[in-house]
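The values are calculated or read from the model by the stated rules, or taken from the named source; none is laboratory data. Computed from a predicted model, the values in this text were never measured in an experiment. Note that we place each Cβ from the backbone using ideal geometry, even for glycine, and neighbour counts take in every protein chain shown. Only protein heavy atoms, including side chains, enter the accessible area calculation; ligands, DNA and RNA are left aside. Shrake-Rupley method; radii C 1.70, N 1.55, O 1.52, S 1.80 Å.
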Amino acid sequence: MKKYILSSLAVLAATLFTSCNDMLDTDPRVTEMTSATFPGKPADVEALNAATYSIMSTLGGGDNSDSLNNIFFWWCCMSDDCYGSGGLQDYMPKSWHHFTMQDANQYEYDWILLYGGISRANNQIETIDNVPWTDAEKAQRDQLLGEAFFMRGLYTMWLTQMYGDIPVLTSTLITEESYQQVSAEDVVYPQIIADFVSAKNLMTVTKANGSGHADKYCAEAFMARAYMFWAGFYKGVGEIKNGAPEIALLDRNGEPIAQEGLNVSSVSKDDIVSGLREIINNGGYKLCEDFRSLWQYSNSLLWDEAHDGVGHDYPFIADMKRENCFDQPGMGNGNTEELFAIQFMNASSWNIGGTYCNPRMYSNYLSCFWGLRNGASNVNGTRDLTYPFNQGWGQGTPSCNIWDDWTAAEKAGGYTDSRKLASMIDLENELASYCYEKDDNEESGYAVKKYADVNLDANDADNKTWWVQCDGYSGSGSLGNSMQGDHFEDFYLMRYADVLLMMTELTGDAQYMNQVQRRAGVPETGYSLANVQNERRWEFAFEGLRFNDMRRWTGKDCKNSDYAPKALQAQAGKQIVCLGDKANKKTMQHMTCSWTERYQATNGFLPKPQNQISLHNGGLEQNPGWDTADPKTQYKALY
């Protein structure tokens with residue numbers, strides 16, 4: 001388990017952080033050094049690399065307007081697994097959930113951040129050979145170059161999955177042509193796949209889980225995720241095991257992409273399967289024995305409380321082996337199944353400057369957003385009704401749908417899936433005295449357990465998380481406010497369970513899915529697409545994968561009865577608590593029309609920010625379904 005102290009690498013990443021006014025600006029300090037003597041030695045390239053990665057820390061935290069930048073949280077709220085929820089003033093998560101917007105630039109922040117990350121990766125690629133590398137340093141040079149290609153591919157993939165057709169930037173030199181949006185299907189995804197191919201060929205095969213850096217196996221896993229979305233959403237491949245087309249690696253001019261490390265002109269489904277098989281056979285990854293080991297509520301300090309016979313205890317983890325607790329070797333952060341994650345540490349500060357630098361950028365702010373809103377005392381810090389969980393902002397709460405669908409699957413199969421209560425808090429039965437705030441809305445009766453903030457003392461008035469007592473913690477709170485600053489659980493971007501389930505989906509071989517099922521204590525099944533769909537939903541609940549899975553199982557330009565619009569519309573009619581009134585529940589309804597209509601109109605894409613459309617002088621077109629003159633696109637208060 002990594003130490004939660006401020007490292008020199010983190011300081012350097014913060015120093016080099018872009019403070020940009022649009023997607024093309026770069027930090028003048030980086031530009032000045034590059035034009036003169038930077039990078040001049042391997043350590044300089046390491047610094048550029050740290051700055052490229054640091055974009056992810058900002059995506060994990062809240063920005064200066066208190067909206068969460070984690071796009072996987074956005075996708076949770078856009079799926080059928082979460083509502084918007086929160087208080088009456090919390091329009092952002094409800095906008096995501098209802099496919100609406102309150103203003104034309106509501107979704108601009110991550111556009112700027114991700115293009116800033118791409119700019120940094122391009123700078124790293126272009127300047128890496130300013131360094132006079134020796135033969136002995138070639139492996140280091142290739143690893144750093146591969147990481148830059150990987151991060152460029154990753155940031156580009158997230159951008160296109162949010163905004164569709166976008167500009168593809170593969171150089172720090174911006175031309176009129178590169179300023180134009182291009183087809184995601186024909187140009188953007190080929191470039192993403194090409195970047196992942198270059199990355200896997202350049203990076204070493206050394207397992208890097210826990211280091212915070214990508215390696216060859218990360219590139220192979222994310223290549224599979226990108227390819228499967230392209231094949232499903234754009235090419236309409238409903239069941240990919242039956243076959244999918246090759247993706248030709250061509251640029252905007254129809255010419256083969258040429259870049260270092262790229263040794264193929266196309267990638268096939270067989271190539272993707274081969275990459276996943278290499279991870280399985282050679283990667284050294286394995287599933288944690290206990291699913292709960294992945295989540296911070298299973299920490300050994302809380303486990304000890306459950307066994308000391310004194311005061312409060314948390315019986316849900318009492319039957320765990322202590323060596324499987326979150327903070328034990330091989331568990332928790334940097335565990336045996338973590339391929340790649342956003343990592344956090346206690347380096348947040350209210351004094352971090354810059355327009356796009358936010359004070360909570362090193363804190364996993366999901367713990368605050370998904371934290372419980374307890375209306376009994378209206379005072380943060382009172383834990384007697386929420387122990388062992390801290391309070392927070394109560395946004396993005398689990399939907400009735402995921403609980404009901406999961407329970408129906410258990411009943412039909414005659415089993416209990418251990419992941420359900422390991423992922424969700426059943427408020428009625430686990431926290432019977434819990435009270436809603438008076439302005440709560442879209443409350444289902446459930447809360448997210450995976451990333452829930454944990455407190456050890458039920459009567460702690462200082463709002464401290466369990467991290468202040470863990471090994472390696474330094475200081476008394478990075479923001480002087482534990483609820484807002486002390487959240488250091490890794491946010492998983494790729495777990496080994498995903499590799500196994502992708503392998504089954506691609507090949508139809510159930511043995512890989514069966515490993516995931518065995519850990520969950522559910523009956524092993526043969527392959528069917530429906531079985532894979534359920535396993536992915538249950539295994540990765542609240543990890544942000546569900547929405548794009550739904551989209552690729554649906555394809556673009558869908559019918560009402562297709563997977564995504566049908567599942568989203570099934571939210572209508574569920575009974576929810578609003579304004580804290582449990583006695584008089586309301587019926588869940590769409591904000592402006594229906595989920596089916598809004599999904600079909602948008603294909604699941606967000607609106608491109610109007611500021612960026614104006615900036616590009618005709619190079620960007622607004623996505624379908626986001627005409628601001630249409631009232632169906634506009635946020636409306638329901639409660």
Conditions (1) crowded, with 18+ Cβ neighbours inside 10 Å; (2) out of contact with any helix residue (DSSP H, G or I) (no Cβ under 9 Å at 6 or more places or on another chain); (3) part of a loop (DSSP other than H, G, I, E, B): number failed by residue 607: (2)
Flag for residue 125 being β-branched (Val, Ile, Thr) and farther than 27 Å from residue 268 by Cα: no
Single unsatisfied condition, residue 281 versus (1) at pLDDT 95 or above; (2) part of a loop (DSSP other than H, G, I, E, B): (2)
Checking residue 153 against (1) outside any helix (DSSP H, G or I); (2) touching an Asp or Glu at 6+ places or on another chain (Cβ under 6 Å), the condition it does not meet: (1)
Matching option when the condition is open to solvent by less than 60 Å² (accessible area, probe 1.4 Å), touching a residue at least 12 places away in the same chain (Cβ under 8 Å) and part of a loop (DSSP other than H, G, I, E, B), among 572, 601: 572
Qualifying residue in region 197-213 (condition: open to solvent by less than 10 Å² (accessible area, probe 1.4 Å) and within 15 Å of residue 159 (Cβ to Cβ)): no
Qualifying residue in region 578-590 (condition: among the acidic types (Asp, Glu) and at pLDDT 95 or above): no
Test: residue 489 is part of a loop (DSSP other than H, G, I, E, B), farther than 18 Å from residue 283 by Cβ, modelled with pLDDT of 75 or more and touching a helix residue (DSSP H, G or I) at 6+ places or on another chain (Cβ under 7 Å): yes
Residue satisfying all of: in region 352-385; among the hydrophobic types (A, V, I, L, M, F, W, C) and either in a loop (DSSP other than H, G, I, E, B) or modelled with pLDDT under 80 (or both); surrounded by the fewest Cβ atoms within 10 Å (Cβ to Cβ) among these: 379
Residue satisfying condition, being modelled with pLDDT under 95, surrounded by fewer than 20 Cβ atoms within 10 Å (Cβ to Cβ) and outside any helix (DSSP H, G or I), within set 171, 178: 178
Qualifying positions in region 111-137 - in contact (Cβ under 8 Å) with a residue 24 or more places away in the chain, farther than 22 Å from residue 59 by Cα and not acidic (Asp, Glu): 125, 127, 128, 130, 131, 133
Which listed residue is under 19 Å from residue 296 (Cβ atoms), buried (at least 21 other Cβ atoms within 10 Å of the Cβ) and not acidic (Asp, Glu), from 483, 513, 502: 483
Unmet criterion (only one of (1) part of a helix (DSSP H, G or I); (2) touching a strand residue (DSSP E or B) at 6+ places or on another chain (Cβ under 9 Å); (3) crowded, with 22+ Cβ neighbours inside 10 Å) for residue 224: (2)
Every residue from region 626-636 that is open to solvent by 20 Å² or more (accessible area, probe 1.4 Å) and in contact with a Phe, Trp or Tyr (Cβ under 8 Å, 6 or more places away or on another chain): 635
Total residues in region 612-623, condition over 25 Å from the mean Cα position of the chain (by Cα) and open to solvent by 50 Å² or more (accessible area, probe 1.4 Å): 5
Residue among 284, 332 that is within 19 Å of the chain's Cα centre (by Cα) and closer than 21 Å to residue 213 by Cβ: 332
Flag for residue 165 being in contact with a strand residue (DSSP E or B) (Cβ under 8 Å, 6 or more places away or on another chain) and of a type outside the set (A, V, I, L, M, F, W, C): yes
